[in-house]
Amino acid sequence: MLNKDIRKHFPILQQEINGHPLVYLDSAATSQKPQQVIDAMSNYYEKDNSNVHRGVHTLGNQATEAYEGARDKVRDFINAKSREEIIFTRGTTTSLNIVAQSYGRANVGEGDEIVITHMEHHSNIIPWQQLAKEKGAVLKFIDLEEDGTITLDKVRETVTERTKIVSIMHVSNVLGTVNPIKEITEIAHANGAIMVVDGAQAAPHMKVDVQQLDCDFYAFSGHKMVGPTGIGVLYGKKELLNKMEPVEFGGEMIDFVGLYESTWKELPWKFEGGTPIIAGAVGLGAAIDYLEEIGLDNVEKHEQHLAEYAMKKMSEVEGVTIYGPLEPEKRASLITFNLNDVHPHDLATVLDMHGIAVRAGHHCCQPLMKWLDVSATARASFYIYNTEEDVDRLVDGLRIAKEYFNDVN
Ligand code: PMP
C-alpha cells in the first residue's frame, strides 16, 4: 500500500461533504489534482505566461520551453521513440477523432472493415461509426466472453485481410478488464491493419510502453492522471503521422500561407492548430513528475491491492452484483456493480449523503450496458489517494442504503 500521506497532497480531499469526510471513488471519470500540479499551473500563469513559438521576447521563450518540456516528459512517460510522435490534444476523445478523420478518411474505403469491441467507450465507437457510414465500410465487433474479457481466438475470428483499423480500449472503464493489447496488435498487423488504443483508463494506472506494445496510435487524457482537464495526448508512429493530413487548420500549425495554397509545419505541430493548451501541458508535465516520483509500479500494486480488498468486502454484502471478471488479477482498480434492484442513481444519492462519491449511469458505454442487460450501474473507482478505510466506508454506505431502500419499499 502507498503511504496514507499521499492523501494530504490533494487539497480537495481535505473537505467534508454533507457532514462527512469526503471519500472520492470517481477517479475513472476524473482524478483529483495534487497541490504540486495546481502550483505548476499557477506558477506558469504568474511567471511564464505568453504565447508559444512565435515570441522573440523572454516570456515567449519561457512559455515555449515549458510547453515543449512537457512534450518531452510525455515522450519519456510512454517511451515513444521521438518527441515528434507526441501530439497534444484536448483529450482521448479528440485524439481518437483525429485518427478517424485523418488516417481513417485517407485509408478506409468501401467494404473495408473497422474492428472494435462491445466494451468500448462512446468515444471509441462513434468516430468509427461515422467513418464507416461516410466510406461504406463495415464496423465489426469482437464478441466478449461471459466474464467480459476478450480472447485472442475471437480477435483472430473477427480481424480479416479486409480490416484496415482495429481500435480497442486498453482497460475497460466499466468491466475493469485489462486487454492484451500487444497480442491484439500482432494480429492486426499480421492482417495488414493498424492498431489504435484507447488508453484513457490505462495510462494513469500502469506503465505504458508504446514501443513494446507496438501499437500505431495510443490516446489518453491528462485529467484522469492527476493532471488538468482540457489536455490529452495522441501518440502516433512517425511514419504514419507524417503521411496524414491535419484536421484543424490555422494558427500554430501553419508554415507558409498564400491566398490559395498553404503548407504546414512539421510534426508534431502540424496537428496542433490554434494557440495550444499551454498551461494544460504544463499541468500534465507536473502530473507525470508526480506519478513518476511515486513510481508507476507502486501505483499499480496499490490499486491491485485495493481492488482485491474491495472485491472481497463488497461481495460480502448480500444483493451486490459485480460486473466483469471476478479474479482481481484480470482487472484494474474499479468496480462496477448494482445493489438488488435499487436504481444506481438512488444508490449514489444515498452514498453522497454520507460523503461517498461514486458514479451512476451508463458510463458512456450504452452498447456495453445492453450487453450486460442492465440500464445503468454504479461504479466505484480507486486511485493512489484511496485507502482501505475508503472501501470500508463504501461498504458501510452500501449496508445503510440497503436498509434505507428496504424500509422504503
Ligand atoms: N475512453 C475511456 C475508456 C474513458 O474512460 C474515457 C473517459 N470517461 C474516454 C475514452 C474519454 O475521455 P475524455 O472525456 O477525456 O476525452
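Each value in this text was obtained by applying a stated rule to the coordinates, not by laboratory testing. These figures come from a predicted structure and were not determined experimentally. Neighbour counts are summed over all protein chains in view; Cβ atoms, including those assigned to glycine, are modelled from backbone coordinates with ideal geometry.
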At ALA190 and LYS330, where each label point lies 7 Å from the Cα along Cα→Cβ, what is the point-to-point distance in nanometres?
2.2 nm
Theoretical FRET efficiency, 1/(1+(r/R0)^6), r = Cβ-Cβ of ASP153 and LYS47, R0 51 Å, to 0.05:
0.35
Modelled label-to-label distance, THR229 and ASP214, 7 Å Cα→beta-carbon offset: nm?
4.0 nm
By average C-beta atoms within 10 angstrom, highest first, the peptides 143-151, 84-92
84-92, 143-151
So for the chain: antiparallel DSSP bridges make up what percent, rounded to the nearest 5?
60 percent
Return P(r) of the range 267-321 (all Cα-Cα pairs; 5 Å bins starting at 0; whole %; ordered from short to long distances).
4, 14, 12, 13, 11, 10, 11, 10, 7, 6, 2, 0
When the gyration tensor of the chain is built from Cα positions, what are the square roots of 5 times its three eigenvalues, in whole Å, from largest to smallest?
36, 28, 17
Estimated vicinal HN-Hα couplings, Hz - the range 155-171 in sequence order (Karplus 6.51, -1.76, 1.60; Gly, Pro = x)
5, 4, 5, 8, 7, 10, 5, 8, 6, 9, 9, 10, 9, 9, 6, 6, 10
Using only Cα atoms, tell me the angle between helix 344-353 and the longest principal axis of the chain; keep it within 0 to 90° and round to the nearest 10.
80 degrees
Positive-pole candidate from SER315, LEU259, VAL74, dipole of the chain, charges at beta carbon:
LEU259
Could you list CYS364, CYS215 so that the one with the fewest beta carbons within 10 Å of its beta carbon is first and the one with the most is last?
CYS364, CYS215
Pulled fully out, how much extra length does the chain show between MET1 and ASN298, if you take 0.36 nm times their separation in residues and subtract their Cα-Cα distance?
106.1 nm
Can you list the HN-Hα couplings for the range 255-263, worked out from phi with the Karplus curve (6.51, -1.76, 1.60; θ = phi - 60°), rounded to whole Hz and with x for Gly and Pro?
10, 10, 10, x, 5, 10, 9, 9, 10
Check the straight Cα-Cα distances from LYS140 and name the lysines below 29 Å, setting aside those fewer than 8 residues away within the same chain.
LYS154, LYS164, LYS182, LYS224, LYS237, LYS238, LYS243, LYS330, LYS370
Cα-based equivalent ellipsoid of the range 20-102: semi-axis lengths in Å, sorted from largest, via gyration tensor
26, 22, 12
Could you tally the net charge around ASP216, taking each other residue with its Cβ under 10 Å from the Cβ of ASP216, Lys/Arg +1 and Asp/Glu -1?
-1
Taking just the alpha carbons, could you work out the radius of gyration and Dmax for the range 341-403, both in angstroms?
12.5, 34
Where does the Debye-calculated log10 I(q)/I(0) of the range 182-308 sit at q = 0.15, 0.19, 0.21 Å⁻¹, using only Cα point scatterers of equal weight, no solvent?
-0.86, -1.16, -1.25
Exposure proxy ranking, count of Cβ atoms within 10 Å, fewest first, for PHE405, PHE249, PHE337, PHE256
PHE256, PHE249, PHE405, PHE337
Which values of log₁₀ I(q)/I(0), to two decimal places, follow from the Debye formula for the range 163-257 at q = 0.18 Å⁻¹ with a uniform point scatterer at every Cα?
-0.90
Normalising by the residue count of the range 1-64, find the relative contact order in percent from Cα pairs under 8 Å and 6+ residues apart.
21 percent
Take the alpha-carbon centre of the range 128-202, take the same for the range 327-355, and report the distance between them in whole Å.
27 Å
GLN14 and THR275 label points (each 7 Å along its Cα→Cβ direction) are spaced in nm at 3.2 nm
Taking θ as phi - 60°, what are the ³J(HN,Hα) couplings along the range 390-401 by the Karplus curve (6.51, -1.76, 1.60), each to the nearest whole Hz, with x for Gly and Pro?
4, 5, 4, 4, 4, 5, 4, x, 5, 5, 4, 4
